[in-house]
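None of the figures in this text is laboratory data; all of them are computed from the coordinates on show. As the structure is a computational prediction, the values presented were derived from the model and not from experiment. All Cβ positions, even for glycine, are placed from backbone atoms using ideal geometry, and neighbour counts span all protein chains on display.
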Amino acid sequence: MCELLKKLRSGDAVIGIIGLGYVGLPLILRYVSLDYRVVGIDIDQEKVDMLNAGQSYIEHIASEKITEACRKDFRATSDFTAVRDCDALIICVPTPLNKYREPDLSFVIQTVDAIIPHLRVGQVISLESTTYPGTTEEELLPRIESADYKVGEDVFLVYSPEREDPGNEHFNTSTIPKICGGQTAKCLEVGVALYEKAISQVVPVSSTKVAEMTKLLENIHRAVNIGLVNEMKIVADKMGVDIHEVIDAAATKPFGFTAYYPGPGLGGHCIPIDPFYLTWKAREYNLHTRFIELAGEVNSAMPEWVINKLVWALNEKGLSLKGSRVLVLGVAYKKNVDDMRESPSVKLMELLRDKGAVVQYSDPHVPDFPKMRAHYFDLQSVDLSPETIREYDCLLLATDHDKFDYKMIADYAQLVIDTRGRYKETHLPNIIKA
Ligand SMILES: NC(=O)c1ccc[n+]([C@@H]2O[C@H](COP(=O)([O-])OP(=O)(O)OC[C@H]3O[C@@H](n4cnc5c(N)ncnc54)[C@H](O)[C@@H]3O)[C@@H](O)[C@H]2O)c1
């Protein structure tokens, strides 16, 4: 343990990051910037090859940064024997829901099973993937100990959730405080040493379970509050009140109120998924997570509500949705990023298509509609100009990227359905808030 602590604190440790996605890549760059030797491990050979060639596959991470990392001794590999060279192993693999909306830990379990044959005494393993309380203790610990390593003596096990917010200009990997829970007191000491050079504030907690539940509370807090404000939006709409004006006014209260904004539905890898990790685990204790279920119900009804507003607005113009040309603005799940996971725009496009509309999209961050596991559109992004905008019966603003020219859209569109409050002070007859 002393040797490992010394290496971590001096910057001599070799850091292995497993899972080179939205979470893993920024972490790699942070450790590289501190001159640690870093190895990236991923089962996706295409990603490994791109990284070794100095290329990024995430829009907000510049390829120059990867090239610079490669120059500084970073390498990526799909070969798990590299585990042996590492002092720290940080796991950042996906934790989705399966088709029954239950936790799918298969990526985490496969990773742990792939690591174990190459483990050695004196390593620290940190799980960063979002998961339910008990995962580290119930799934990782027994697997490691059944390979004859005593956790807390031979190897050290921690859970430290990632709080990455892609596209956020105000915070980055190093400035977002990091929660860390250890399987034992010694594990926690090693975990803090692993992160304290890279992250400005490490927040130790008493167990891996506390750390796991902290991450879920953060995301459940968001999901529930977004559900509340989406419900308020429907009420405000019926009363002829602009919910965005109400939120902005309420946000002038200097205490006791936090602004959350309504939208066309939840998106991204975290907020629509993570709360249900707790729901599932709570069942083991005979408990129902009613706030989570209710927020899920309200939030997942949002795309239908938006489409109903769109149908009503077309109807006012004497048009039916069937056969109308609809351009969806923004298909990424949130503004200024290229990530489409769980994007409500895709649900909106499917609803429109199913009801007979001719659907296209425009997104400056997504030039081609990507291959998605459960969705298919053979489309490319439409460039916006006065001529192209005029061609559509309706523009549905689903993701309010800063790159859109909102004045041009308002000037030339026959109809805009604004789900993001971008036109909150505009009272033009062609803009409908939804
Ligand atoms: N994206 C975010 O903003 C964010 C924020 C906080 C927490 N998280 C959590 O972090 C975790 C990772 O999310 P992400 O967005 O980086 O996912 P991602 O899909 O962008 O990246 C995951 C990577 O893991 C790789 N992978 C899958 N199985 C593997 C295996 N067995 N061995 C090695 N590599 C494997 C994939 O090929 C992929 O490159 C998830 O639990 C997520 O909930 C994500």
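In terms of other Cβ atoms within 10 Å, Leu228, Leu348, Leu384 run from fewest to most in the order Leu228, Leu384, Leu348. Which angle between 0 and 90 degrees, to the nearest 10, do you get for helix 302-316 versus the longest principal axis of the chain when only C-alpha atoms count? The answer is roughly 20 degrees. For the residues Ile43, Ile125, Ile15, a GNM of the chain with alpha-carbon springs under 10 Å puts the largest fluctuation on Ile43. Counting only DSSP beta bridges whose two residues both lie in the chain, roughly 10 percent are antiparallel.
For Ile125, the amide hydrogen comes within under 5 Å of the amide hydrogens of Leu89, Phe156, Leu157, Val158, counting only partners 5 or more places away or on other chains and with H modelled in the peptide plane. Between helix 106-115 and the chain there is an angle of about 30 degrees, using the helix long axis and the longest principal axis of the Cα atoms.
Neighbour counting of Cβ atoms within 10 Å sorts the residues Phe369, Phe74, fewest neighbours leading, into Phe369, Phe74.
Averaging the sequence gap over all C-alpha pairs within less than 8 Å and six or more residues apart, then dividing by the number of residues, gives segment 1-119 a relative contact order of 28 percent. Taking the longest Cα principal axis of the chain as reference, the axis of helix 208-238 is set at about 0 degrees.
Counting only residues at least eight positions apart within a chain, or on another chain, the aspartates and glutamates with an alpha carbon under 13 Å from that of Lys72 are Asp35, Glu64. Ranked for footprinting exposure by Cβ neighbours inside 10 Å, fewest first, Met50, Met213 give Met50, Met213. Of Lys233, Lys403, Lys209, the residue with the greatest mean-square motion in the GNM of the chain, using alpha carbon springs below 10 Å, is Lys403. Per the Debye calculation on the chain with a single equal scatterer at every Cα and no solvent contribution, log₁₀ I(q)/I(0) for q = 0.14 Å⁻¹ amounts to -1.27. Most mobile of Ala251, Ala413, Ala185 per a Gaussian network model of the chain (Cα springs, under 10 Å)? Top of the fluctuation ranking is Ala251.
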